[in-house]
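*Asks:* Please see the structure below; I have some questions.
Here, each number is a calculation from the coordinates, and none is a lab measurement. Since this is a predicted model, take the numbers as computed values, not measurements. Cβ sites come from the backbone with ideal geometry, for glycine too, and all protein chains shown count toward neighbours.
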Amino acid sequence: MKLFLTLLIFGLIIGILGAASAFAWWQENLKALDRAQKDTQIFVVQKGESLKAIALDLEEKKLIRSWFAFSLLVRKEGWQNKIQAGDFRLSPSFSATKIAEELQHGTLDVWVTIPEGWRSEEVVEELLKSGIWNEFQSQSVGFKKQALDLFNKNNGKLFPDTYLIPKGSTTEQVLEIFLRNFRQKITGKWWEEAAKQDISPDQVLVLASLVEREAKYENDRPIVADIIRKRWQEKIPLQIDATVQYALGESTKSQGGSWWKKELTGDDLKIDSTYNTYLYPGLPSGPICNPGLSAIKAVIFSTKTPYYYYLSDKSGKMHYAKTLEEHNENIRKYF
């Protein structure tokens, strides 16, 4: 009996000492890595990144003492689902608790996703809603006009992508983020190939914007690009509905509609605009949207076909024709 009590007491002492040691280790590893180091560095949390991956990255960048202690802290406090994606300014002088709290709010950057086929006005609308600019700026008519003027001049180059944009950036700084991404994504070899075909970069973007709005599926884009290019180069009127939708955009939007009117009328096709390819020959006077990589690639590396006409049915499926008679037959079949 005495032996049992002795072992029990010994076990309790060992357990208490072990728990105390573990607690001391945990507390020590929650302290700042280097209180004297006040400099901050940008730490990025990616969308969907796991707690373990974040903790390991913090340790690797010498911002915390132990990824394991940090993970325990976050789970203990129930913060694992509160950590945000974004950019944060962190310092080795911050405790693990402060770093965990910083990652839950005050992100320096805002994630903004721009889909393929948006016109510059839609891009600016999304930026205004994102929180990049303060409430006063976002509601200021003068600020909106300045942003629209600047982005409209670069319609076609606002590359569709997901961006991490610093809060408080000027409109010029935000635009440069878009343009830098555009320059990185479209390689010089592509422009060289276009030049060999006697197509300028501006013409590529106009053509790609038409393809982006006209062809819903990627496998159709090289064929549609070939048809539009042939009609343009052979001086056949393009007669593209998307260009009329673009010309009507401001009017339909101001009347409570969308930027892209779905059903066009006969009167719509008569709108006097250099973007109306039913009235004016050749390419429209600028891009009608911001095309993605596949549309730009489709224009430069288009598939050679015998077709001169296409139409998209209500499901988005394309139907091609070599002659006007075949095209009219497709219209009768699918509309």
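*Asks:* Go through G249, L264, S209 and say which Cα lies farthest out towards the positive end of the charge dipole of the chain; charges sit on Cβ, +1 for Lys and Arg, -1 for Asp and Glu.
*Replies:* So the residue furthest toward the plus end is S209.
*Asks:* While we're here: What length, rounded to one decimal in nm, is gained on full extension from K253 through to L293, with 0.36 nm per residue of separation minus their alpha-carbon distance? Could you put the intermediate results ahead of the total?
*Replies:* Numbers: separation 40, 0.36 × 40 = 14.40 nm, distance 2.73 nm.
Length difference between fully extended and current span is 11.7 nm.
*Asks:* According to the square roots a ≥ b ≥ c of the eigenvalues of the Cα gyration tensor, what is the shape class of the range 44-90, taking rounded for a/c under 1.5, prolate for a/b larger than b/c otherwise, and oblate for the remainder?
*Replies:* Oblate shape, in that a/c is at least 1.5 and b/c is the bigger or equal ratio.
*Asks:* How large is the convex hull of the C-alpha atoms of the range 193-304 per residue, in Å³? Mind showing how you got there, number by number?
*Replies:* Numbers: hull volume 11.1 nm³, N = 112.
In the range 193-304, the Cα hull volume divided by residue count equals 99 Å³.
*Asks:* Please report V299, V174, V44 as a ranked list, fewest other C-beta atoms within 10 angstrom at the top and most at the bottom. Let's see the in-between values first.
*Replies:* Values: V299 29, V174 24, V44 15.
So the residues, fewest neighbours to most, are V44, V174, V299.
*Asks:* On C-alpha positions alone, give me the angle between the axis of helix 324-334 and the longest principal axis of the chain, in degrees, nearest 10.
*Replies:* Taking the Cα atoms of the chain, the angle to 324-334 is about 50 degrees.
*Asks:* What FRET efficiency, computed as 1/(1 + (r/R0)^6) with R0 = 51 Å and r the Cβ-Cβ distance, is obtained for N152 and T97, rounded to the nearest 0.05?
*Replies:* Numbers: r = 47 Å, r/R0 = 0.92.
That pair, N152 with T97, gives E of 0.60.
*Asks:* Could you tell me how many degrees, from 0 to 90 and to the nearest 10, lie between the Cα long axis of helix 120-130 and the main elongation axis, the longest principal axis, of the Cα atoms of the chain?
*Replies:* Taking Cα atoms only, the helix is inclined about 20 degrees.
*Asks:* Could you work out how far apart the two model spin labels at K333 and W25 are, taking each label as a point 7 Å from the Cα in the direction of the beta carbon, and quote it in nm?
*Replies:* 7.3
*Asks:* Sticking with this structure for a sec: Report, in degrees rounded to the nearest 10, the 0 to 90 angle that the Cα long axis of helix 67-77 makes with the longest principal axis of the chain.
*Replies:* The helix 67-77 is inclined about 90 degrees to the chain.
*Asks:* Calculate the FRET efficiency for N81 and K230 from the Cβ-Cβ distance with a Förster distance of 56 Å, rounded to the nearest 0.05. If you can, show how the numbers build up before the last one.
*Replies:* Details: r = 54 Å, r/R0 = 0.97.
The pair N81/K230 has a calculated efficiency of 0.55.
*Asks:* Note down, for the chain, the three equivalent ellipsoid semi-axes (square root of 5 times each alpha carbon gyration tensor eigenvalue), biggest first, whole angstrom.
*Replies:* Details: eigenvalues 680, 103, 69 Å².
With the √(5λ) rule applied to the chain, the semi-axes are 58, 23, 19 Å.
*Asks:* When all alpha-carbon pairs of the range 277-335 are counted, what percent fall beyond 17 Å? Don't skip to the end; give the middle numbers.
*Replies:* Details: 1028 of 1711 pairs.
Result for the distance tail: 60 percent.
*Asks:* Also: Residue separation times 0.36 nm, minus the C-alpha to C-alpha distance between E49 and E192: what's the value? Don't jump to the answer; show the numbers that get you there.
*Replies:* Working: separation 143, 0.36 × 143 = 51.48 nm, distance 3.87 nm.
Contour length minus the Cα-Cα distance gives 47.6 nm.
*Asks:* Using 0.36 nm times the number of residues separating Q41 and E218, minus their current alpha carbon distance, what extension gain do you get?
*Replies:* Details: separation 177, 0.36 × 177 = 63.72 nm, distance 4.09 nm.
This chain segment gains 59.6 nm when fully extended.
*Asks:* How many nm is it between the label spots at K129 and T162, if each spot is 7 Å from the Cα in line with the beta carbon?
*Replies:* 1.7
*Asks:* Let me ask you something else. Report the far tail of the P(r) of the range 117-185, meaning the percent of Cα-Cα pairs longer than 16 Å.
*Replies:* Details: 958 of 2346 pairs.
Summing the P(r) tail past 16 Å for the range 117-185 gives 41 percent.
*Asks:* Rounded if a/c is under 1.5, else prolate if a/b beats b/c, else oblate: with a ≥ b ≥ c from the C-alpha gyration tensor eigenvalues square-rooted, which is the range 242-326?
*Replies:* Working: a/c = 1.69, a/b = 1.45, b/c = 1.17.
Prolate is the answer for the range 242-326, as a/c is 1.5 or above and a/b outweighs b/c.
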